[in-house]
Amino acid sequence: MRKVALVDYGKIVLQENCESIQVLEPGTVKIDVTACSICGSDIALYHGKRSIQEERYFGHEFSGVVVDAGDGANGIKVGMRVASELSKTCGRCWNCRNGLPNYCKSMNDALLPGGFSEETLVLNNSEYSFISSIPDSIDDITATLLEPTNCAYRIARRANVKHGETVVVFGMGPMGLIAARIIKSMGVDVVVGVDNSKMRLEKVRQLGFVDVVDSNDENWQDQIFEICGAKGADVILELTGALPVLQSSFQVVRPGGRIIVGSVYNGFADKVELLPIMRKELKILGAKGPYPYLKTDGTSAAVDILVKLQDDLKKLITVYDYKDSQQAFDDMISGAAIKPVIRFR
Ligand SMILES: [Zn+2]
Ligand SMILES: [Zn+2]
(Lines give C-alpha, C1' and ligand atoms only; values in the text may rest on other atoms or scores of the structure.)
(Ligands and ions follow the chains in the order given, each with its own letter.)
Protein backbone atom coordinates (compact mmCIF):
# COMPACT_ATOMS: atom_id res chain seq x y z
CA MET A 1 0.00 0.00 0.00
CA ARG A 2 1.19 3.47 -0.89
CA LYS A 3 1.37 6.44 1.40
CA VAL A 4 2.19 10.15 1.23
CA ALA A 5 4.15 10.41 4.47
CA LEU A 6 5.12 13.64 6.23
CA VAL A 7 8.42 12.44 7.71
CA ASP A 8 9.56 15.84 8.95
CA TYR A 9 8.34 19.44 8.71
CA GLY A 10 8.42 20.41 5.04
CA LYS A 11 9.43 16.91 3.99
CA ILE A 12 7.08 14.62 2.10
CA VAL A 13 8.16 11.10 1.13
CA LEU A 14 6.25 8.69 -1.11
CA GLN A 15 6.31 5.32 0.62
CA GLU A 16 5.49 2.57 -1.87
CA ASN A 17 5.49 -0.72 0.00
CA CYS A 18 3.87 0.02 3.33
CA GLU A 19 2.30 -2.87 5.15
CA SER A 20 -1.38 -3.29 4.48
CA ILE A 21 -3.74 -2.77 7.43
CA GLN A 22 -4.62 -6.29 8.60
CA VAL A 23 -6.31 -5.95 11.96
CA LEU A 24 -9.47 -3.92 12.20
CA GLU A 25 -9.57 -1.97 15.44
CA PRO A 26 -12.95 -2.31 17.18
CA GLY A 27 -15.50 0.23 16.04
CA THR A 28 -13.67 1.06 12.83
CA VAL A 29 -14.14 0.38 9.15
CA LYS A 30 -11.43 0.01 6.55
CA ILE A 31 -11.49 2.24 3.47
CA ASP A 32 -9.59 1.99 0.21
CA VAL A 33 -8.90 5.67 -0.34
CA THR A 34 -9.58 6.96 -3.86
CA ALA A 35 -8.47 10.55 -3.37
CA CYS A 36 -7.64 13.02 -0.61
CA SER A 37 -7.66 16.80 -0.78
CA ILE A 38 -5.18 19.03 1.03
CA CYS A 39 -6.57 21.12 3.89
CA GLY A 40 -5.09 24.34 5.26
CA SER A 41 -4.49 22.42 8.48
CA ASP A 42 -2.33 19.89 6.56
CA ILE A 43 -0.26 22.84 5.35
CA ALA A 44 0.02 24.13 8.95
CA LEU A 45 1.34 20.72 9.96
CA TYR A 46 3.71 20.67 6.96
CA HIS A 47 5.07 24.07 8.05
CA GLY A 48 5.48 23.02 11.69
CA LYS A 49 2.67 25.23 13.03
CA ARG A 50 1.20 22.03 14.45
CA SER A 51 3.16 19.23 16.05
CA ILE A 52 3.93 16.11 13.99
CA GLN A 53 4.36 14.17 17.25
CA GLU A 54 0.91 15.09 18.53
CA GLU A 55 -0.92 14.65 15.23
CA ARG A 56 -2.01 11.06 14.77
CA TYR A 57 -3.39 11.22 11.25
CA PHE A 58 -2.41 12.89 7.97
CA GLY A 59 -5.21 13.84 5.57
CA HIS A 60 -8.84 14.05 6.66
CA GLU A 61 -10.65 15.11 3.45
CA PHE A 62 -10.97 11.91 1.45
CA SER A 63 -13.26 9.67 -0.53
CA GLY A 64 -13.03 5.93 -1.00
CA VAL A 65 -14.72 2.55 -0.89
CA VAL A 66 -15.47 0.46 2.21
CA VAL A 67 -13.50 -2.82 2.03
CA ASP A 68 -14.24 -4.00 5.59
CA ALA A 69 -17.36 -2.73 7.31
CA GLY A 70 -16.49 -4.11 10.77
CA ASP A 71 -19.74 -4.61 12.67
CA GLY A 72 -21.64 -2.60 10.04
CA ALA A 73 -22.76 0.18 12.39
CA ASN A 74 -24.81 3.04 10.89
CA GLY A 75 -25.69 0.94 7.83
CA ILE A 76 -22.15 1.04 6.44
CA LYS A 77 -21.56 -1.90 4.06
CA VAL A 78 -18.67 -3.34 2.06
CA GLY A 79 -18.47 -1.74 -1.39
CA MET A 80 -20.18 1.48 -0.29
CA ARG A 81 -18.72 4.71 -1.67
CA VAL A 82 -18.02 7.04 1.24
CA ALA A 83 -16.36 10.33 2.10
CA SER A 84 -15.03 11.68 5.37
CA GLU A 85 -17.01 14.08 7.56
CA LEU A 86 -18.29 14.14 11.13
CA SER A 87 -21.65 12.44 10.57
CA LYS A 88 -22.58 11.02 13.97
CA THR A 89 -21.91 11.75 17.64
CA CYS A 90 -23.14 9.97 20.77
CA GLY A 91 -25.97 12.34 21.70
CA ARG A 92 -25.54 11.49 25.38
CA CYS A 93 -22.37 13.19 26.62
CA TRP A 94 -22.53 16.65 28.17
CA ASN A 95 -21.22 18.32 24.99
CA CYS A 96 -23.80 16.59 22.80
CA ARG A 97 -26.63 17.45 25.19
CA ASN A 98 -25.58 21.08 25.32
CA GLY A 99 -25.44 21.83 21.61
CA LEU A 100 -21.73 21.10 21.18
CA PRO A 101 -21.63 17.75 19.33
CA ASN A 102 -18.50 18.90 17.50
CA TYR A 103 -16.73 18.39 20.85
CA CYS A 104 -18.14 14.89 21.39
CA LYS A 105 -14.93 13.04 20.70
CA SER A 106 -11.56 14.08 19.38
CA MET A 107 -11.15 13.69 15.65
CA ASN A 108 -7.59 12.57 16.41
CA ASP A 109 -9.02 9.16 17.18
CA ALA A 110 -11.28 9.07 14.16
CA LEU A 111 -8.86 8.25 11.35
CA LEU A 112 -5.73 6.13 11.22
CA PRO A 113 -3.40 6.69 9.47
CA GLY A 114 -5.53 9.20 7.50
CA GLY A 115 -6.46 9.92 3.90
CA PHE A 116 -2.99 10.42 2.46
CA SER A 117 -2.68 6.63 2.58
CA GLU A 118 -4.16 4.19 0.12
CA GLU A 119 -5.84 2.42 3.04
CA THR A 120 -7.11 3.90 6.25
CA LEU A 121 -9.25 3.00 9.22
CA VAL A 122 -12.12 5.30 10.14
CA LEU A 123 -14.16 5.31 13.35
CA ASN A 124 -17.71 4.16 12.68
CA ASN A 125 -19.58 2.74 15.64
CA SER A 126 -22.85 3.18 17.47
CA GLU A 127 -21.50 6.31 19.22
CA TYR A 128 -19.55 8.15 16.58
CA SER A 129 -18.83 8.17 12.86
CA PHE A 130 -16.53 10.09 10.59
CA ILE A 131 -17.91 8.90 7.23
CA SER A 132 -21.02 9.41 5.14
CA SER A 133 -22.13 7.42 2.13
CA ILE A 134 -21.96 9.28 -1.15
CA PRO A 135 -24.68 9.25 -3.84
CA ASP A 136 -23.88 8.32 -7.45
CA SER A 137 -24.41 11.93 -8.46
CA ILE A 138 -21.06 12.96 -6.88
CA ASP A 139 -17.78 11.72 -8.37
CA ASP A 140 -14.91 10.52 -6.16
CA ILE A 141 -12.80 13.65 -6.67
CA THR A 142 -15.61 16.08 -5.82
CA ALA A 143 -16.54 13.89 -2.83
CA THR A 144 -13.23 14.85 -1.15
CA LEU A 145 -14.85 18.28 -0.62
CA LEU A 146 -17.43 16.83 1.78
CA GLU A 147 -15.48 17.57 4.97
CA PRO A 148 -14.53 21.15 4.03
CA THR A 149 -18.12 21.71 2.86
CA ASN A 150 -19.27 20.51 6.28
CA CYS A 151 -16.86 22.97 7.99
CA ALA A 152 -17.90 25.83 5.69
CA TYR A 153 -21.55 25.07 6.45
CA ARG A 154 -20.75 25.37 10.16
CA ILE A 155 -19.31 28.84 9.46
CA ALA A 156 -22.40 29.78 7.44
CA ARG A 157 -24.75 28.54 10.16
CA ARG A 158 -22.86 30.51 12.81
CA ALA A 159 -23.22 33.60 10.59
CA ASN A 160 -27.01 33.08 10.67
CA VAL A 161 -27.45 35.30 7.60
CA LYS A 162 -30.73 36.90 6.66
CA HIS A 163 -32.09 37.94 3.30
CA GLY A 164 -30.64 41.24 2.14
CA GLU A 165 -27.62 41.22 4.44
CA THR A 166 -24.11 41.95 3.21
CA VAL A 167 -21.19 39.61 3.92
CA VAL A 168 -17.45 40.20 3.63
CA VAL A 169 -15.19 37.15 3.52
CA PHE A 170 -11.55 37.69 4.43
CA GLY A 171 -9.36 34.95 2.93
CA MET A 172 -10.21 33.50 -0.47
CA GLY A 173 -8.75 30.06 0.20
CA PRO A 174 -10.95 26.99 -0.23
CA MET A 175 -12.76 27.55 3.09
CA GLY A 176 -13.56 31.18 2.20
CA LEU A 177 -14.78 30.24 -1.27
CA ILE A 178 -16.92 27.30 -0.16
CA ALA A 179 -18.42 29.35 2.70
CA ALA A 180 -19.09 32.25 0.31
CA ARG A 181 -20.85 29.93 -2.14
CA ILE A 182 -22.98 28.38 0.62
CA ILE A 183 -23.93 31.81 1.97
CA LYS A 184 -24.99 32.92 -1.51
CA SER A 185 -27.20 29.85 -1.74
CA MET A 186 -28.89 31.05 1.48
CA GLY A 187 -30.25 34.14 -0.26
CA VAL A 188 -27.46 36.66 0.36
CA ASP A 189 -26.73 38.57 -2.84
CA VAL A 190 -23.85 40.76 -1.69
CA VAL A 191 -20.78 38.69 -0.79
CA VAL A 192 -17.40 40.42 -1.02
CA GLY A 193 -14.20 38.36 -1.06
CA VAL A 194 -11.00 40.05 0.18
CA ASP A 195 -7.48 38.69 -0.29
CA ASN A 196 -3.93 39.97 -0.81
CA SER A 197 -2.63 37.38 -3.28
CA LYS A 198 -2.83 38.66 -6.86
CA MET A 199 -2.67 35.11 -8.21
CA ARG A 200 -5.54 33.94 -6.00
CA LEU A 201 -7.63 37.05 -6.71
CA GLU A 202 -7.32 36.48 -10.44
CA LYS A 203 -8.65 32.93 -10.02
CA VAL A 204 -11.46 34.09 -7.72
CA ARG A 205 -12.52 36.72 -10.28
CA GLN A 206 -12.84 33.99 -12.89
CA LEU A 207 -15.01 31.87 -10.58
CA GLY A 208 -17.52 34.71 -10.27
CA PHE A 209 -18.86 33.64 -6.82
CA VAL A 210 -18.11 36.97 -5.14
CA ASP A 211 -17.27 40.63 -5.66
CA VAL A 212 -13.51 40.84 -5.30
CA VAL A 213 -11.49 43.40 -3.34
CA ASP A 214 -7.69 43.44 -3.38
CA SER A 215 -6.43 44.44 0.07
CA ASN A 216 -3.23 45.76 -1.53
CA ASP A 217 -5.28 48.64 -2.96
CA GLU A 218 -4.87 51.79 -0.91
CA ASN A 219 -8.65 52.39 -0.87
CA TRP A 220 -9.69 48.79 -0.31
CA GLN A 221 -11.84 49.61 2.71
CA ASP A 222 -13.63 52.33 0.72
CA GLN A 223 -14.37 49.72 -1.93
CA ILE A 224 -16.06 47.58 0.73
CA PHE A 225 -18.17 50.51 1.99
CA GLU A 226 -19.11 51.28 -1.59
CA ILE A 227 -20.43 47.75 -2.12
CA CYS A 228 -21.94 47.11 1.35
CA GLY A 229 -23.11 50.63 2.18
CA ALA A 230 -21.67 53.35 4.41
CA LYS A 231 -22.56 51.60 7.70
CA GLY A 232 -20.35 48.66 6.82
CA ALA A 233 -20.99 44.94 6.34
CA ASP A 234 -23.57 43.05 8.38
CA VAL A 235 -21.36 39.99 8.65
CA ILE A 236 -17.62 39.33 8.39
CA LEU A 237 -16.13 35.88 7.93
CA GLU A 238 -12.54 36.03 9.18
CA LEU A 239 -10.83 33.04 7.58
CA THR A 240 -7.21 34.15 7.34
CA GLY A 241 -5.86 33.64 10.87
CA ALA A 242 -3.94 36.93 10.49
CA LEU A 243 -4.42 39.34 13.42
CA PRO A 244 -4.25 42.55 11.33
CA VAL A 245 -7.22 41.15 9.43
CA LEU A 246 -9.18 40.84 12.68
CA GLN A 247 -8.40 44.54 13.18
CA SER A 248 -9.70 45.28 9.68
CA SER A 249 -12.84 43.28 10.46
CA PHE A 250 -13.59 45.65 13.36
CA GLN A 251 -13.28 48.57 10.93
CA VAL A 252 -15.50 47.38 8.08
CA VAL A 253 -18.26 45.67 10.10
CA ARG A 254 -21.36 47.76 10.86
CA PRO A 255 -22.38 48.62 14.44
CA GLY A 256 -24.10 45.56 15.92
CA GLY A 257 -22.60 43.34 13.21
CA ARG A 258 -21.27 39.80 13.52
CA ILE A 259 -17.71 38.59 13.03
CA ILE A 260 -17.37 34.85 12.54
CA VAL A 261 -13.86 33.57 13.20
CA GLY A 262 -13.28 30.28 11.40
CA SER A 263 -9.49 30.50 11.27
CA VAL A 264 -6.63 29.56 13.57
CA TYR A 265 -4.67 32.34 15.28
CA ASN A 266 -1.13 31.54 16.32
CA GLY A 267 -0.04 34.15 18.82
CA PHE A 268 -1.40 37.03 20.88
CA ALA A 269 -3.43 40.10 20.01
CA ASP A 270 -1.35 42.83 21.62
CA LYS A 271 -1.42 45.17 18.57
CA VAL A 272 -5.11 44.76 17.84
CA GLU A 273 -7.26 47.63 19.07
CA LEU A 274 -10.23 46.04 20.85
CA LEU A 275 -12.29 49.14 21.59
CA PRO A 276 -14.76 48.55 18.68
CA ILE A 277 -16.01 45.38 20.42
CA MET A 278 -17.78 47.59 22.96
CA ARG A 279 -18.23 50.76 20.88
CA LYS A 280 -19.88 48.91 18.00
CA GLU A 281 -21.54 46.24 20.17
CA LEU A 282 -19.98 43.53 18.05
CA LYS A 283 -20.80 39.86 18.22
CA ILE A 284 -17.68 37.75 17.72
CA LEU A 285 -18.37 34.06 17.24
CA GLY A 286 -16.00 31.17 16.71
CA ALA A 287 -16.89 28.42 14.23
CA LYS A 288 -15.21 25.06 14.69
CA GLY A 289 -16.13 22.46 12.11
CA PRO A 290 -16.76 19.75 11.32
CA TYR A 291 -20.23 19.56 12.84
CA PRO A 292 -22.80 16.75 12.45
CA TYR A 293 -25.60 18.62 10.68
CA LEU A 294 -28.39 16.23 9.76
CA LYS A 295 -31.57 16.77 7.80
CA THR A 296 -34.87 15.76 9.39
CA ASP A 297 -34.70 12.42 7.54
CA GLY A 298 -31.45 11.70 9.38
CA THR A 299 -29.12 12.03 6.37
CA SER A 300 -26.20 14.44 6.14
CA ALA A 301 -26.99 18.06 5.27
CA ALA A 302 -23.42 18.55 3.99
CA VAL A 303 -23.83 15.77 1.41
CA ASP A 304 -26.97 17.51 0.20
CA ILE A 305 -25.20 20.87 -0.05
CA LEU A 306 -22.30 19.32 -1.94
CA VAL A 307 -24.70 17.67 -4.42
CA LYS A 308 -26.48 21.00 -5.00
CA LEU A 309 -23.39 23.20 -5.31
CA GLN A 310 -21.01 20.70 -6.91
CA ASP A 311 -20.87 22.35 -10.34
CA ASP A 312 -19.38 25.49 -8.76
CA LEU A 313 -17.33 23.82 -6.02
CA LYS A 314 -15.69 21.46 -8.55
CA LYS A 315 -14.05 24.51 -10.12
CA LEU A 316 -11.85 24.90 -7.00
CA ILE A 317 -10.17 21.52 -7.54
CA THR A 318 -6.88 20.66 -9.27
CA VAL A 319 -6.18 16.90 -9.42
CA TYR A 320 -2.66 15.49 -8.91
CA ASP A 321 -1.54 11.91 -9.32
CA TYR A 322 -0.12 10.31 -6.16
CA LYS A 323 3.43 10.56 -7.50
CA ASP A 324 3.04 14.35 -7.87
CA SER A 325 2.06 14.87 -4.22
CA GLN A 326 4.98 17.21 -3.53
CA GLN A 327 3.83 19.42 -6.41
CA ALA A 328 0.31 19.41 -4.96
CA PHE A 329 1.60 20.71 -1.62
CA ASP A 330 3.86 23.28 -3.33
CA ASP A 331 0.97 24.56 -5.46
CA MET A 332 -1.36 24.87 -2.46
CA ILE A 333 1.33 26.88 -0.64
CA SER A 334 2.10 29.16 -3.62
CA GLY A 335 -1.57 29.69 -4.47
CA ALA A 336 -1.12 28.13 -7.94
CA ALA A 337 -3.91 25.70 -6.99
CA ILE A 338 -6.90 26.57 -4.79
CA LYS A 339 -7.79 23.02 -3.72
CA PRO A 340 -5.32 20.30 -4.74
CA VAL A 341 -6.67 16.74 -4.62
CA ILE A 342 -4.25 13.81 -4.58
CA ARG A 343 -5.56 10.78 -6.45
CA PHE A 344 -4.47 7.25 -5.52
CA ARG A 345 -6.55 5.32 -8.07
ZN1 LIG B 1 -10.10 20.14 6.55
ZN1 LIG C 1 -21.35 13.02 22.65
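To the nearest Å, what is the center-to-center distance of the stretch 88-157 and the stretch 251-270, using C-alpha atoms only? What the calculation gives is 27 Å, centre to centre. Comparing L274, I317, L285 along the charge dipole axis of the stretch 253-331, the residue lying farthest to the positive side is L274, per the Cβ-charge model.
Beta bridges assigned by DSSP with both partners in the chain are antiparallel in approximately 55 percent of cases. For the stretch 211-224, the Karplus equation 6.51 cos²θ - 1.76 cosθ + 1.60, evaluated at θ = phi - 60°, returns couplings of 6, 10, 10, 8, 6, 7, 5, 4, 9, 4, 5, 4, 4, 5 Hz by residue, with Gly and Pro reported as x.
Probing with 1.4 Å while keeping every protein chain in the model, the per residue accessible area of the stretch 151-286 equals 47 Å².
Think of the stretch 85-177 as a dipole: +1 on every Lys or Arg Cβ, -1 on every Asp or Glu Cβ, centred on the Cα centre; then among P148, G115, G99, G99 lies furthest on the positive end.
Shape class for the stretch 1-142: oblate, because the ratio a/c of the largest to smallest gyration tensor axis (alpha-carbon atoms, square roots of eigenvalues) is 1.5 or more and b/c is at least a/b.
Considering Cα pairs under 8 angstrom that are at least six residues apart, work out the relative contact order of the stretch 1-77 and quote it in whole percent. About 33 percent, as a whole number. Once you sort the root eigenvalues of the Cα gyration tensor of the chain as a ≥ b ≥ c, which label holds: rounded (a/c under 1.5), prolate (a/b larger than b/c) or oblate (the other case)? Prolate, since a/c reaches 1.5 and a/b exceeds b/c. Here the accessible area of the stretch 151-286 is 51 percent carbon and sulfur, with a 1.4 angstrom probe and all protein chains present.
T166 exposes around 10 Å² of accessible area when a 1.4 Å probe is run over every protein chain in place. Per residue, the solvent-accessible area of the stretch 1-148 (1.4 Å probe, heavy atoms of protein chains only, all protein chains present) comes to 42 Å².
Computed about its Cα centre, the charge dipole of the stretch 209-345 is approximately 600 debye, with only Lys, Arg, Asp and Glu carrying charge at their Cβ.
How would the stretch 151-286 be classified by its alpha-carbon gyration tensor: rounded, prolate or oblate, with rounded meaning a/c under 1.5 and the a/b versus b/c comparison settling the rest? Cα axes put the stretch 151-286 in the rounded bin.
Only Lys, Arg, Asp and Glu carry charge here, each on its Cβ (+1 for the first two, -1 for the last two); on that basis the chain has a dipole of about 880 debye about its Cα centre.
Cross-link partners for K77 among the aspartates and glutamates, with Cα-Cα distance under 12 Å and sequence neighbours closer than 8 places in the same chain left out: D68. Charge dipole (Cα centre; +1 on Lys/Arg Cβ, -1 on Asp/Glu Cβ; no other charges) of the stretch 221-302 amounts to roughly 200 debye. Among the listed pairs K88/K288; K288/K314; K11/K105; K88/K283; K314/K339; K30/K295, those whose Cα-Cα separation exceeds 21 Å are K288/K314; K11/K105; K88/K283; K30/K295.
Farthest toward the positive end of the dipole of the stretch 151-286, out of I178, Q221, A242, is the Cα of I178, where the dipole comes from beta carbon charges about the Cα centre.
The values are calculated or read from the model by the stated rules, or taken from the named source; none is laboratory data. Remember, predicted model here, so these are calculated numbers, not experimental data. Ideal geometry is used to build each Cβ from the backbone, glycine not excepted, and the neighbour counts take in all protein chains shown. SASA here: full protein model, heavy atoms, side chains in, ligands and nucleic acids out. Shrake-Rupley method; radii C 1.70, N 1.55, O 1.52, S 1.80 Å.
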